[in-house]
Structure formats: structure tokens, C-alpha cells
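The values are calculated or read from the model by the stated rules, or taken from the named source; none is laboratory data. Values in this document were obtained by computation on a predicted structure and should not be read as measured data. A quick note on method: Cβ atoms are made from the backbone with ideal geometry, for glycine too, and the neighbour counts reach across all protein chains shown. For the accessible areas, the whole protein counts, side chains as well, though only heavy atoms, and no ligand, DNA or RNA atoms are used. Shrake-Rupley method; radii C 1.70, N 1.55, O 1.52, S 1.80 Å.
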Amino acid sequence: MQERYITIGIIALALAVSGYLLWNNTKNSGPQEYRSADAGLSFTYPGNYILTEHQEGGTQREWHVIILTDQNDLLPPENSEGPPSIVIIVFDNLEGQTLEQWIRGSSFSNFKLSDEQLASTTVDQEPAFAYRYSGLYENDAVAAIVHNKIYFFAAGWMTEQDHIRQDFQNILSGVEFTL
């Protein structure tokens, strides 16, 4: 008899956990807002993305990294290091470089993996450059300098029709620099 109550208890617990996860996933399925004083920007992103952020670098230079990954793409494709993601990196422009100098000279920009074509664009009405480069995935990239910070935005994708490309454009169109 006691085993029966334990089994019923386990089933009830499993149902409760499943219900919570379903409710939590549904609750977070709408657009989410990211806002950071440290990064100096805000934007809205689809609720199906998981956002992680961290600082990288050392004592001489640190940079802020924001990664958005679709929760439906958490498993990396075969022969890959990770799932396609949207990455935003914020660097201090300690050397006072122009945007084009940084793009052409920094290994972070991955510009050397591109066809070396820059297109003028804007992000939150600030001048920016867009380009495409190849690496583990094909990538769309946009960079801007605002208040002596370099903002690098990139989205990796496998096919031209991947939804991440449109999600990336939607995020870019909603970016607000808050410095």
C-alpha cells in the first residue's frame, strides 16, 4: 500500500513539474526585453531565445558578451561546435579607432573571413557598417561605434532562409544605445 502512495506521489510531482515548465515556457514565449547599463544598450528579442551574458578578457581589457540562442536549436548541428546564435560584443574603444579601422584590423570582427565588402547602414540612427563573413557558419555582421564603445553584432546561420537571420534584423532594428 505504501508503494502505491509513493508512486502516486511521484506521478503528482512529475505532473506539477511538467505543468510549471509548460506554464513558464508559455509565459516566456512573448518578446523579452534586454536592458543593460554596463553594455549601454537595450533591445527586444523573441521569447524563444535564451540570453546569456558574461565578461571576457583580462585586467588590461574586458569586453561584454551577450549570446542569444533559440531554445529549439540548443543541440548543435552535426560536425559543429555549437548552435547558430546571435552574438553582441561591446568593447571599449581604447585606441580611438575609426569604425572601419576596427573592422579591418581587429580579429574580433572576422572581417578577414569576408569578401571585404562593407555596406553603410545605421543602428539606432548611429552610423554603422554591415558585412558578411564565413566561418563555422555563414554570418551577418554589423558594427557601430557609439560614445567610444564598439558594438559588434553577428548572427550565424546555415541557410539563407534560416529564421535567425530575420530575428537578427528585428533585434537590430530595435536596438537603443543608452549611454
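Table for the structure above
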read-out: Dipole moment magnitude, nearest 20 debye, region 78-179 about Cα centre, only Lys, Arg, Asp, Glu C-beta charged; value: 200
read-out: Ranking by accessible area, most exposed first, for D38, D140 with a 1.4 Å probe; value: D38, D140
read-out: Built amide H within the under 5 Å cut-off of S85, gap 5+; value: G156
read-out: Amide H contacts of V123 (H built 1.01 Å from N, under 5 Å, at least 5 apart or other chain); value: A128
read-out: Estimated inter-spin distance, Q60 and Q97, nm [label 7 Å along Cα→Cβ]; value: 1.5
read-out: Extension gain, H147 back to Q169 (0.36 nm per residue minus Cα-Cα distance, nm); value: 5.7 nm
read-out: Length gained when the stretch L179-L113 is fully extended (0.36 nm per residue, less Cα-Cα span); value: 20.7 nm
read-out: Gained length - E53 relative to Q71, 0.36 nm times residue gap less alpha-carbon distance; value: 4.9 nm
